[in-house]
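Just below is one structure, and these are the notes that go with it.
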Amino acid sequence: APTPNSAGRVAFPDGFLWGTATAAFQVEGAGAEGGRQDSIWDTFCRVPGAVHAGDDGMVACDHYHRYREDVALMKRLDLGSYRFSTSWARIMPDGKTVNREGLDFYSRLVDELLGADLLPWLTLYHWDLPQALEELGGWPSRDTAYRFAEYAVAMHEALGDRVGVWTTLNEPWCSAFLGYTSGAHAPGKKSPELGLAAAHHLMLGHGLATSALRELDPAATLGITLNFTVSDPVDPTDPADVDVARRDDGMFNRIFLDPILRGAYPADILDDVAHLGFAEHVREGDLQIISTPIDVLGVNYYNGGAVSARPQHPGGADPDGTAGPDGAREQADDAPVWEVRSPNPVPDGIHHHSRGLPTTDMGWEVQPEGLTRLLLRLQEDYTGPRGIQLFVTENGAAYPDVVQADGSVDDQDRLAFVDAHLRAVKDAIDGGADVRGYFAWSLLDNFEWALGYSKRFGLVHTDYETQERTVKASGRWYATVAAANAVPARPGAEE
Ligand code: GBH
């Protein structure tokens with residue numbers, strides 16, 4: 001439906017923060033330099049068939065060596081902030097001993113950002129657990145949460161005076177359920193029980209780190225980034241579909257939102273997972289730690305979904321309900337639906353239906369209005385009453401780049417995607433959501449996890465042979481948005 005923001009020029013509130021995001025393993029490379037040792041992703045990349053074309057993170061975008069050039073690029077794009085993650089395996093290669101050389105890299109990066117007037121927005125964990133800690137049990141083990149808090153403190157001791165915003169985890173849903181339940185991500189485990197144990201210990205690690213950082217630095221800006229879906233029942237009048245949407249929303253969104261922001265796991269979800277031993281991991285006092293107050297909530301949004309208790313009607317756009325999964329192309333046709341779609345520890349009877357919306361190169365439906373609804377819901381039900389600011393910490397799209405003879409990339413599809421989602425953010429702001437910034441995913445084409453280098457999300461093209469960076473049309477357009485603090489009118493629209 002057209003909204004006031006759907007075509008004309010759209011101005012954002014003063015001070016709105018414009019940035020781009022990356023993650024350490026996806027861009028840094030230098031896998032065996034500076035004392036770094038394996039993370040679970042290095043190990044996973046060596047498993048035959050686990051990652052597209054056997055790609056790995058040893059070189060990636062060589063950001064470890066080219067960070068100065070990349071910061072200069074962000075400066076040229078008029079951006080205000082860089083959201084990056086730090087590699088735990090660089091800082092504590094053996095899982096416990098601090099490696100000075102690792103800290104020094106991030107210290108240089110932060111200084112470079114500050115010199116270019118870019119706010120350093122630091123994420124402590126974007127999926128690259130030191131392999132040494134996986135060998136001690138990984139996230140399903142409670143100890144990992146305590147190790148994570150120690151790592152957070154070591155980072156803060158080194159960078160606390162210079163880093164503006166600290167977020168603990170990126171998308172614990174992925175770490176828990178792609179890593180330990182579907183096995184599509186490192187460490188490749190396939191168990192509903194392990195995924196749930198990991199989910200609780202990720203929450204505990206978030207809480208322990210947040211309370212430790214708060215004690216060290218009461219004025220710090222602290223938070224977490226979660227990935228969200230918007231679950232719509234295919235038939236809102238069918239109680240079975242409504243219940244499936246409740247479960248999908250519960251295991252994707254509320255299982256993390258509620259402990260952090262309301263101090264309790266959702267009762268319906270506790271019921272649903274009771275037979276999987278979830279409650280046994282939750283000890284007295286844990287929820288108090290997990291609900292340590294935060295200042296910002298990072299929102300990663302790519303798409304929502306239509307879910308049903310019934311498989312999609314034959315003749316629908318997606319008859320078997322398996323289109324567009326994370327890494328599905330790699331999976332056998334007869335894999336259970338829950339293994340190839342969003343994994344859920346209680347997968348029974350959750351069917352994702354295609355709505356026939358356009359899809360990106362990931363097969364994900366393009367659904368900007370879902371972002372408006374999501375932000376308004378977060379504001380009303382979770383963050384607003386607690387005075388927590390919302391930031392979109394990731395949003396973006398993979399499309400295959402066509403590199404012209406002159407080296408340019410005219411990615412109108414990616415540009416239109418970001419444009420539509422920024423308009424959706426403004427719709428949410430107009431509706432009362434306290435959204436303070438937006439980070440495009442991603443600055444550069446990079447290592448797209450199980451899909452290796454085959455999917456490109458960058459506003460800047462990466463040539464993996466030469467490491468040459470070329471700003472795409474979407475990147476040039478985004479720079480004008482950041483400079484004007486406004487999205488320009490769509491071509492042909494009224495001003
Ligand atoms: C983010 O994860 C990551 O933080 C980032 O590192 C990554 O590069 C980026 O996104 C792009 O993938 O049910 O089949 O429609 C996003 C992970 C994406 C997981 C959407 C759930 C649902 C797909 N989420 N996905 S589907």
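The values are calculated or read from the model by the stated rules, or taken from the named source; none is laboratory data. Since this is a predicted model, take the numbers as computed values, not measurements. When we count neighbours, we look across all protein chains shown, and the Cβ atoms used for this are built from the backbone with ideal geometry, even at glycine.
Taking the options ASP434, ASP413, name whichever one is at pLDDT 95 or above, of a type in the set (Asp, Glu) and more than 16 Å from the ligand (Cβ to nearest atom).
Working: ASP413 fails: more than 16 Å from the ligand (Cβ to nearest atom).
Of the residues listed, the single one that is at pLDDT 95 or above, of a type in the set (Asp, Glu) and more than 16 Å from the ligand (Cβ to nearest atom) is ASP434.
Condition check ((1) away from the ligand (no atom under 13 Å from the Cβ); (2) surrounded by fewer than 17 Cβ atoms within 10 Å (Cβ to Cβ); (3) not charged (D, E, K, R)) across all residues:
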{"site": "ASP430", "(1), (2), (3)": "yes, yes, no"}
{"site": "TRP441", "(1), (2), (3)": "no, no, yes"}
{"site": "LEU444", "(1), (2), (3)": "no, no, yes"}
{"site": "VAL460", "(1), (2), (3)": "yes, no, yes"}
{"site": "PRO488", "(1), (2), (3)": "yes, yes, yes"}
Given the criteria surrounded by fewer than 21 Cβ atoms within 10 Å (Cβ to Cβ) and either part of a helix (DSSP H, G or I) or hydroxyl-bearing (Ser, Thr, Tyr) (or both), does ASP243 qualify? yes
Here the qualifying pairs (Cβ atoms under 8 Å; residues six or more apart or on different chains; first in the range 441-458 and free of Cβ contacts under 8 Å to residues at least 40 places away in the same chain; second hydroxyl-bearing (Ser, Thr, Tyr) and not in a strand (DSSP E or B)) come out as GLY458/SER442
By residue number, the members of the range 15-60 that are touching a strand residue (DSSP E or B) at 6+ places or on another chain (Cβ under 8 Å) and within 13 Å of the ligand (Cβ to nearest atom) are THR20, ALA21, THR22, ALA23, ALA24, PHE25, VAL27
Residue hits (the range 41-73; in contact with a helix residue (DSSP H, G or I) (Cβ under 7 Å, 6 or more places away or on another chain), farther than 15 Å from GLY452 by Cα and of a type in the set (A, V, I, L, M)) are VAL71
Across the range 347-383, the tally of residues that are outside any loop (DSSP other than H, G, I, E, B), without any contact (Cβ under 8 Å) to a residue 60 or more places away in the chain and within 11 Å of the ligand (Cβ to nearest atom) stands at 2
Note on the range 202-220: residues surrounded by fewer than 22 Cβ atoms within 10 Å (Cβ to Cβ) and either in contact with a Pro (Cβ under 8 Å, 6 or more places away or on another chain) or in contact (Cβ under 8 Å) with a residue 12 or more places away in the chain (or both) are SER211, ALA212, ARG214, LEU216, ASP217, ALA220
Only one of TYR453, TYR464 is within 30 Å of ARG46 (Cβ to Cβ), within 13 Å of the ligand (Cβ to nearest atom) and surrounded by fewer than 24 Cβ atoms within 10 Å (Cβ to Cβ), namely TYR453
* To do: Determine whether the range 19-31 contains at least one residue that is part of a loop (DSSP other than H, G, I, E, B), over 28 Å from VAL487 (Cα atoms) and free of Cβ contacts under 8 Å to residues at least 12 places away in the same chain.
  => no
Of those in the range 292-302 that are buried (at least 21 other Cβ atoms within 10 Å of the Cβ), closer than 16 Å to ASN253 by Cα and not aromatic (Phe, Trp, Tyr), the residue farthest from the ligand (Cβ to nearest atom) is LEU297
